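Heads up, the thing below is written out as structure tokens.
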Amino acid sequence: MKLHQFAAMRGFESARAVAGTVLIDHLAEGNQGGELRANFLNKRIQFDTNAMLFEELEKVCSMLDCSKREFLEIVVSEACANAQAVFAESFEEAGGVDHLEAQAC
């Protein structure tokens with residue numbers, strides 16, 4: 001491993017620790033998990049899926065050394081941002097005006 005790669009890896013690890021995602025997962029699984037969910041993590045995203053997708057998710061989370069909650073939070077956040085960007089671009093392309101400006105009128 002080169003110095004640049006090592007330093008980048010440590011930077012990413014530190015940023016993840018500061019974000020507190022590992023701590024949130026640990027607390028949510030502990031004795032105070034119900035209280036934590038009720039006061040801070042009060043919305044659940046949950047769905048049934050096929051066994052193959054579930055196994056793939058577990059493999060990816062294991063490979064990335066993260067919880068399913070952490071992984072899905074990242075993925076859903078990115079998907080929402082991408083969907084909003086595509087919608088805004090398409091709206092402006094089709095209507096010639098920014099969708100936020102159109103809604104303000």
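Read-outs: derived from the displayed coordinates by stated rules, not from any lab. All figures in this text were calculated on a predicted structure; none of them were measured in a lab. Every residue, glycine among them, receives a Cβ derived from its backbone with ideal geometry; neighbour counts consider all protein chains shown.
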Distance in nm between Phe6 and His99 label points, each 7 Å along Cα→Cβ, equals 4.7
Quick calc: nm separation of the 7 Å Cα→Cβ label points for Asn82 and Ala17 -> 3.1
